[in-house]
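Trainee: Below you'll find the structure I mean.
The values are calculated or read from the model by the stated rules, or taken from the named source; none is laboratory data. Every value quoted in this text rests on a predicted model; they were computed, and no experiment measured them. Cβ: placed from backbone, ideal geometry, glycine included. Neighbour counts: every protein chain shown. Accessible surface is based on the protein model in full, side chains and every heavy atom, while ligands, DNA and RNA are left aside. Shrake-Rupley method; radii C 1.70, N 1.55, O 1.52, S 1.80 Å.
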Amino acid sequence: MSNSGNYEAVAADIKKLLHQPEYDDGSAGPVLVRLAWHSAGTYDAETDTGGSNGAGMRYEAEGGDPANAGLQHARTFLEPVKEKHPWLTYADLWTLAGIIAIKEMDGPTIPWKPGRTDYVDDSKLPPRGRLPDGAQGADHVRFIFYRMGFNDQEIVALSGAHNLGRTHKDRSGFHGPWVPNPTRFSNQYFRLMVELEWKPKTLDNGVKQFVHYDEDLDEELMMLPSDLALIQDKEFAPWVKKYAADKELFYRDFSAAFAKLVELGIKRDESGKIVNADNVKGGYIS
Ligand code: ZEM
């Protein structure tokens with residue numbers, strides 16, 4: 001295994017695969033960000049279970065969760081990187097790929113540390129049902145994110161990732177992108193949430209979302225019910241407005257919250273070595 005621990009080489013290879021002319025809006029970036037988020041967003045602080053350590057989505061019980069529909073595309077995009085750098089764990093690859101993708105799409109720099117390990121079997125997977133449901137409102141969003149240990153400000157900051165990518169009828173049942181340019185990170189999601197008029201729409205599959213017809217694009221932009229809950233809730237709304245007005249503030253807060261997300265459940269010693277790896281292979285690479 002040559003070049004073991006060469007994360008610069010890994011990062012360079014991730015950058016090279018982002019351009020995917022045949023896929024969605026021409027980029028693997030958004031779905032890679034969602035992979036990183038869903039790998040980590042199963043964390044439960046009370047039982048200290050779930051989180052990005054383990055890369056449980058390789059197993060059917062987690063990978064086949066309807067909440068993770070579509071993320072097989074992200075894992076497939078990354079497979080050549082794993083093959084080229086076999087010393088790398090999937091758990092590190094998935095989190096790093098999300099962070100590289102955000103940066104390459106004009107987003108903030110997000111601190112990242114290696115050392116995550118991969119489960120060797122499916123005995124420690126988090127139960128299904130820990131990821132948020134876009135059809136629901138503020139109470140549900142708080143229930144999910146408080147469980148991970150996030151506060152209201154961090155919830156709003158993280159939600160700004162919906163500036164990227166789109167919803168797919170054959171994955172979540174929702175349809176369309178949030179912003180006109182969904183492969184460029186910015187605070188536009190918050191600006192459009194504040195500035196535009198969002199009308200309820202029931203899709204032909206019965207799924208309810210909110211839409212705004214964009215004339216230049218000749219396409220409908222969308223918001224999930226859980227997105228608009230942020231502007232309707234009196235504790236969330238001030239953060240939506242702050243991030244709509246101040247891109248620098250959003251980038252700073254998003255970076256901090258995303259760095260926290262991919263470290264949930266991971267305990268490190270002073271050298272950065274992960275000390276609670278269990279039932280896993282791989283481990284810290286010096
Ligand atoms: Zn999402 N998200 N998300 N999200 N998400 C989708 C797509 C993307 C919610 C949600 O239900 C959905 C966060 C929070 C929450 C991304 C990143 C992050 C989709 C569409 C849904 C339904 C899936 C599909 O059909 O392909 C809910 C309810 C959330 C919280 C309340 C957080 C936090 C994220 C990262 C920090 C991204 C990048 C996408 C776009 C994926 C793609 O394939 O384009």
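Trainee: Please work out which one of (1) within 9 Å of the ligand (Cβ to nearest atom); (2) of a type outside the set (Asp, Glu); (3) farther than 26 Å from Leu264 by Cβ is the condition Phe174 fails and give its number.
Mentor: Answer for Phe174: the failing condition is (3).
Trainee: Look through Ala237, Ala245 and report the one residue that is without any contact (Cβ under 8 Å) to a residue 40 or more places away in the chain and open to solvent by 70 Å² or more (accessible area, probe 1.4 Å).
Mentor: Numbers: Ala237 fails: open to solvent by 70 Å² or more (accessible area, probe 1.4 Å).
Answer to the selection: Ala245.
Trainee: Hey, another quick one. Of (1) open to solvent by less than 20 Å² (accessible area, probe 1.4 Å); (2) under 21 Å from His140 (Cα atoms), Gly165 satisfies all except one. Which?
Mentor: Every condition holds for Gly165 apart from (2).
Trainee: Within segment 40-63, does at least one residue satisfy the condition of being among the acidic types (Asp, Glu), over 24 Å from Ile144 (Cβ atoms) and in contact (Cβ under 8 Å) with a residue 24 or more places away in the chain? Walk me through it before giving the result.
Mentor: Pass one, segment 40-63, residues among the acidic types (Asp, Glu): 44, 46, 48, 60, 62.
From the residues that got through so far, the ones that are over 24 Å from Ile144 (Cβ atoms) too are none.
No, there is no match, as no residue in segment 40-63 is among the acidic types (Asp, Glu), over 24 Å from Ile144 (Cβ atoms) and in contact (Cβ under 8 Å) with a residue 24 or more places away in the chain.
Trainee: In contact with a helix residue (DSSP H, G or I) (Cβ under 8 Å, 6 or more places away or on another chain) and within 12 Å of the ligand (Cβ to nearest atom): is that true of Leu221 in this structure? Please lay out each step first, then the result.
Mentor: Working: in contact with a helix residue (DSSP H, G or I) (Cβ under 8 Å, 6 or more places away or on another chain): yes; within 12 Å of the ligand (Cβ to nearest atom): no.
It is false that Leu221 is in contact with a helix residue (DSSP H, G or I) (Cβ under 8 Å, 6 or more places away or on another chain) and within 12 Å of the ligand (Cβ to nearest atom).
Trainee: Among the residues of segment 135-162 satisfying the criterion of being touching a Pro at 6+ places or on another chain (Cβ under 8 Å) and under 15 Å from Ala237 (Cβ atoms), which is least open to solvent (accessible area, probe 1.4 Å)? Explain how you work it out, then say what you get.
Mentor: Residues of segment 135-162 touching a Pro at 6+ places or on another chain (Cβ under 8 Å): 135-137, 140-141, 144-145.
After this cut, where a residue has to be under 15 Å from Ala237 (Cβ atoms) as well, the list is 137, 141.
On the way: Gly137: 32, Val141: 11 Å².
Ranking the candidates gives Val141 first.
Trainee: Turning to a different aspect of this structure: Name the helices (runs of 4 or more DSSP H) wholly inside segment 82-201 in which the number of residues that are over 28 Å from Pro66 (Cβ atoms) is 2 or more.
Mentor: On the way: elements: 90-104, 138-148, 152-159, 188-195.
Helices (runs of 4 or more DSSP H) meeting the threshold: 90-104, 188-195.
Trainee: Same structure again: With respect to the numbered conditions (1) over 30 Å from Ser4 (Cβ atoms); (2) in contact (Cβ under 8 Å) with a residue 60 or more places away in the chain; (3) out of contact with any Leu (no Cβ under 9 Å at 6 or more places or on another chain), which one is the sole condition not fulfilled by Asn151?
Mentor: Every listed condition holds for Asn151 apart from (2).
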